[in-house]
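Asker: Take this structure first; my questions come after.
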Amino acid sequence: MKFELLSQQDLDRIDLESRQILGEVGVKINNMKARELFKDAGAKVDAETHMVWIPADLIEGALAKVSHHFNVWNRTGSTCYDLNNGKTYGHNVGGCVRIHDFDMGISRDATEQDLIKATTLIDALENIHVCRPVVYPQEFPAELRDIYTAACMLQYTNKPYGVSAYSLRNLDYILQLGSLVSGSYEAFLEKPFIWGSVCPASPLNYSESTTAILMKYAEIGLPVAIAPCPVSGGTSPVSLAGTLIQQNAEFLTGLILVQIINPGNEVKYTTRPIPMDMRTGTATFGSVELGLMSTAIVQLAHKYGICSDVYGLGTSTFAFDPQNGSEKALNALLPVLAGANLIAAAGLMEDALTSSYEQLVIDNAILGNIFRITRGINISNETNALDLIEKVGPGGNYLLEDHTRIFARQELFTPKICYRSGNQQYKEQGFTSITDAAHEQVQTILKNGAVRVVDEKIATQINVLLDEVKTTSK
Amino acid sequence: MSSLSNIADAIYDGDLATVVAQTNSAIQNETPALEILEKGLMAGMDRVGQDFKTGDLFIPEVLIASRAMQAGMEILKPLLVTQKIKSPGKIILGTVQGDLHDIGKNLVAIMLQGAGFEVIDLGVDVGRDIFLKAIIENKPDLVGMSSLLTTTMPQMSEIIEAIKQAGLRDQVKIMVGGAPLNEHYAQKIGADGYAQNSSIAVDLAKSLINA
């Protein structure tokens, strides 16, 4: 089962025309060292305007070198996940500034406690396989939030997660944090449990710092997510095809630089193409074009044989309502049917401004449903059940058959928080909707508070390092 | 003691062979039959009931647990009779005339048996005369009726009326179930209780008998 939104011909044309952009329009790379690397590799560069024009053979060469894997480890180093193995993995939204407070019924600024508790929650949710810092606590010093959130993530989940460093200096501290957990820098790099993430500034522009961070990731061989975030109509053409072409040029630029520095480095295609609402000018994470463009990006990634990570469970509403559910389901299902390797943004509300504990649990259930859909209908001797149909015969029933017991859990997905007629527990507990059931699950998972996954010694070392960061940054 | 908790675990897992073997060995070790029943079989079934209610166990898993429970009961029954231990109650079940949908009723029967009730199942398409005859012959504590179709729901009312006419209404409690029914309808037709699903039916049967 693989859904193809774009024909092979249309896909080839988008690919070709984005290469044309790279060769003829060019990209602005505001980093001298990177421009020199591009120049040495055969690109035309202009020192004054910072423009780089990338020839076809350099593009082709980089695509031939890039790894077809995306390996990240869990925190104990016991399991390695190749996220480009043909399956679909779920992950949560990162970097929201607010959290929905269920008891108060409003969104409020996220705190450190929210990040810690939400990370513990994510660690327990079975359909969120890898993660991001779900909120950026507003009490953390603004210029150090990447380091502080990394320290939280390292202490409260075993799942691999993505880091977006603000600067080379901050990245250095984040790598030190990772090394504390792994025991040494070498051990950390041998089995990395984080990947590095960068966002070029659309249109066609890599800032000095973004480029420097991207180069550092490549130098140390960390898996890299390249995540253009064009807003259609604002920072890319309003037409979906135009946005796709531009973002592909932006993505390929990063990929090429990484391959020049470290041939074979793992790269993840992580574009978030967000349409603009033409009434307000805001980026709309619930619009259905998000899912359409994400689906095309999955196809482009597959064309290059690399890992795709797209939206996803987007919604524009702050409410737990039909808009929320339908936008999330529509935008997540389409790219997954096309074979997305990672489907992003569990927990997202209000155009990624807000996250919510309950939304994480609800999205975990939506992902469960979607993963069930991707498993399709199993045709086999056992599931076709000819012998069984004969055995039970006309007028019999299947409830007492072992076949029913054995296959019930494989064949039927039973989301725990969804109401189904006859579900007495819902009524007994006074639930009025899935949100109440999700809240109850949040309470259950967090009943013992946040659970630290590193030992006391490492936690202390992390705090000592954070103190140093705070002191030296003053 | 540990063998009794093994029995409870085996009940929960629906492991009939282990339930039978462990029950026999507990008897050989001269564990009192009542203790085997309460701390082994019933303890396992209680956990099954709990997890079924919360949605952690599925119907087919409950059914095999009930089957294992019944196998254990068969072994204990002769010993329990000599100790004059009564079952929690006797119930007649039937899907009413005109209706052939009996999955729900069968589930209720198995769950009640699992809880130790003596169940007399009259099957499907059961009219009022058969109900009356069975009540007179078996002297049950409870009568349970089911219907899936809105067209056969009125049958329940007629059967309850017939039980009244025959002067048997005081001798039995009546419970009803089926997808289109509700508490209000049960009251309206003069039943003593309504159960939305099979695990609630067991709780209802117990509470009606103790009432």
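The values are calculated or read from the model by the stated rules, or taken from the named source; none is laboratory data. All values reported here derive from a predicted model rather than from experimental measurement. Heads up, the Cβs are rebuilt from the backbone with ideal geometry, glycines too, and the neighbour counts pull from every protein chain shown.
Asker: Which numbered condition trips up residue A:308, out of (1) touching a strand residue (DSSP E or B) at 6+ places or on another chain (Cβ under 8 Å); (2) surrounded by fewer than 24 Cβ atoms within 10 Å (Cβ to Cβ)?
Answerer: Of everything listed in (1) touching a strand residue (DSSP E or B) at 6+ places or on another chain (Cβ under 8 Å); (2) surrounded by fewer than 24 Cβ atoms within 10 Å (Cβ to Cβ), residue A:308 misses just condition (2).
Asker: If you scan the range B:8-44, which residues turn out to be surrounded by fewer than 20 Cβ atoms within 10 Å (Cβ to Cβ) and either in contact with a strand residue (DSSP E or B) (Cβ under 6 Å, 6 or more places away or on another chain) or of a type in the set (Val, Ile, Thr) (or both)?
Answerer: B:18, B:20, B:27, B:31 - these are the residues of the range B:8-44 that are surrounded by fewer than 20 Cβ atoms within 10 Å (Cβ to Cβ) and either in contact with a strand residue (DSSP E or B) (Cβ under 6 Å, 6 or more places away or on another chain) or of a type in the set (Val, Ile, Thr) (or both).
Asker: Among the numbered criteria (1) touching a residue at least 40 places away in the same chain (Cβ under 8 Å); (2) farther than 18 Å from residue A:442 by Cβ; (3) in contact with an Asp or Glu (Cβ under 9 Å, 6 or more places away or on another chain), which single criterion is violated by residue A:135?
Answerer: Looking at each condition in turn, residue A:135 falls short on (2).
Asker: Further, regarding this structure: Take residue A:387 and decide whether it is at pLDDT below 90 and of a type in the set (Asp, Glu). If you could, list the steps in order and put the result at the bottom.
Answerer: Details: at pLDDT below 90: no; of a type in the set (Asp, Glu): yes.
Here the answer is no, as residue A:387 does not meet what is asked.
Asker: Same structure, new question: What is the one condition in (1) touching a strand residue (DSSP E or B) at 6+ places or on another chain (Cβ under 8 Å); (2) outside any helix (DSSP H, G or I) that residue A:298 does not satisfy?
Answerer: Evaluating residue A:298 over (1) touching a strand residue (DSSP E or B) at 6+ places or on another chain (Cβ under 8 Å); (2) outside any helix (DSSP H, G or I) leaves (2) as the failure.
Asker: Tell me, yes or no, whether the range A:381-395 has at least one residue that is polar (S, T, N, Q), in contact (Cβ under 8 Å) with a residue 60 or more places away in the chain and surrounded by 12 or more Cβ atoms within 10 Å (Cβ to Cβ).
Answerer: Within the range A:381-395, the subset polar (S, T, N, Q) is A:381, A:383-384.
From what's left, in contact (Cβ under 8 Å) with a residue 60 or more places away in the chain: none.
No: zero hits.
Asker: Go through (1) among the basic types (Lys, Arg); (2) closer than 28 Å to residue A:114 by Cβ; (3) assigned to a helix (DSSP H, G or I) one by one and return the number of the condition residue A:216 breaks.
Answerer: (2)
For every residue, the table says whether it meets (1) at pLDDT below 95; (2) buried (at least 22 other Cβ atoms within 10 Å of the Cβ).
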{"residue": "B:146", "(1), (2)": "yes, yes"}
{"residue": "B:152", "(1), (2)": "yes, no"}
{"residue": "B:156", "(1), (2)": "yes, yes"}
{"residue": "B:175", "(1), (2)": "no, yes"}
{"residue": "B:178", "(1), (2)": "yes, yes"}
{"residue": "B:185", "(1), (2)": "yes, no"}
{"residue": "B:200", "(1), (2)": "yes, no"}
{"residue": "B:208", "(1), (2)": "yes, no"}
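Asker: Okay, moving on. Working only within the range A:369-414, note down all residues that are within 14 Å of chain B (Cβ to nearest Cβ) and outside any loop (DSSP other than H, G, I, E, B).
Answerer: Correct list: A:388, A:392, A:402, A:403, A:404, A:405, A:406, A:407, A:408, A:409, A:410, A:411.
Asker: Just the residues that are within 23 Å of residue A:305 (Cβ to Cβ) and touching a strand residue (DSSP E or B) at 6+ places or on another chain (Cβ under 9 Å), please, taken from the range A:44-64. It would help to see each step written out before you state the result.
Answerer: Filtering the range A:44-64 down to residues within 23 Å of residue A:305 (Cβ to Cβ) leaves A:54-64.
The answer is A:54, A:55.
Asker: Let me ask another. Is it the case that residue A:313 is of a type in the set (A, V, I, L, M) and in a loop (DSSP other than H, G, I, E, B)? I'd like the intermediate steps shown before the answer.
Answerer: On the way: of a type in the set (A, V, I, L, M): yes; in a loop (DSSP other than H, G, I, E, B): yes.
For residue A:313, the condition - of a type in the set (A, V, I, L, M) and in a loop (DSSP other than H, G, I, E, B) - is met.
Asker: Kindly indicate whether any position in the range A:457-474 is surrounded by fewer than 11 Cβ atoms within 10 Å (Cβ to Cβ), in a loop (DSSP other than H, G, I, E, B) and without any contact (Cβ under 8 Å) to a residue 40 or more places away in the chain.
Answerer: The answer is yes; a qualifying residue exists.
One line per residue, one yes/no per condition, for (1) within 14 Å of chain A (Cβ to nearest Cβ); (2) in a helix (DSSP H, G or I):
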site: B:74; (1), (2): no, yes
site: B:94; (1), (2): no, no
site: B:111; (1), (2): yes, yes
site: B:131; (1), (2): no, yes
site: B:150; (1), (2): no, no
site: B:159; (1), (2): no, yes
site: B:175; (1), (2): no, no
site: B:186; (1), (2): no, yes
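Asker: Could you please find all residues in the range B:45-57 being surrounded by 17 or more Cβ atoms within 10 Å (Cβ to Cβ) and either more than 16 Å from the chain's Cα centre (by Cα) or within 7 Å of chain A (Cβ to nearest Cβ) (or both)? Please lay out each step first, then the result.
Answerer: Filtering the range B:45-57 for residues surrounded by 17 or more Cβ atoms within 10 Å (Cβ to Cβ) gives B:45, B:48-49, B:52, B:57.
B:57 - this is the single residue of the range B:45-57 that is surrounded by 17 or more Cβ atoms within 10 Å (Cβ to Cβ) and either more than 16 Å from the chain's Cα centre (by Cα) or within 7 Å of chain A (Cβ to nearest Cβ) (or both).
Asker: To continue, here is another question. Just to be sure, is residue B:121 buried (at least 18 other Cβ atoms within 10 Å of the Cβ), under 30 Å from residue B:71 (Cβ atoms), among the charged types (D, E, K, R) and in contact with a Gly (Cβ under 7 Å, 6 or more places away or on another chain)? Step through it out loud before you land on a result.
Answerer: Details: buried (at least 18 other Cβ atoms within 10 Å of the Cβ): yes; under 30 Å from residue B:71 (Cβ atoms): yes; among the charged types (D, E, K, R): yes; in contact with a Gly (Cβ under 7 Å, 6 or more places away or on another chain): no.
So residue B:121 fails the test.
Asker: Out of all the residues in the range A:263-285, is one or more among the polar types (S, T, N, Q) and in contact with a His (Cβ under 9 Å, 6 or more places away or on another chain)? First the steps, then the outcome.
Answerer: Of the range A:263-285, the ones among the polar types (S, T, N, Q) are A:265, A:270-271, A:280, A:282, A:284.
Next, only the ones that are in contact with a His (Cβ under 9 Å, 6 or more places away or on another chain) stay: none.
No, the range A:263-285 contains no residue that is among the polar types (S, T, N, Q) and in contact with a His (Cβ under 9 Å, 6 or more places away or on another chain).
Asker: Here's a follow-up. Out of all the residues in the range A:415-426, which are in a helix (DSSP H, G or I) and either touching a residue at least 40 places away in the same chain (Cβ under 8 Å) or within 9 Å of chain B (Cβ to nearest Cβ) (or both)? Spell out how you get there, then give the answer.
Answerer: Initially, the range A:415-426 is screened for residues in a helix (DSSP H, G or I), giving A:424-426.
The answer is A:424, A:425.
Asker: Right, another one. May I ask you to verify whether residue A:372 is more than 30 Å from residue A:181 (Cβ to Cβ) and not hydroxyl-bearing (Ser, Thr, Tyr)? Give the steps one after another, and end with the answer.
Answerer: Values: more than 30 Å from residue A:181 (Cβ to Cβ): yes; not hydroxyl-bearing (Ser, Thr, Tyr): yes.
In short, yes.
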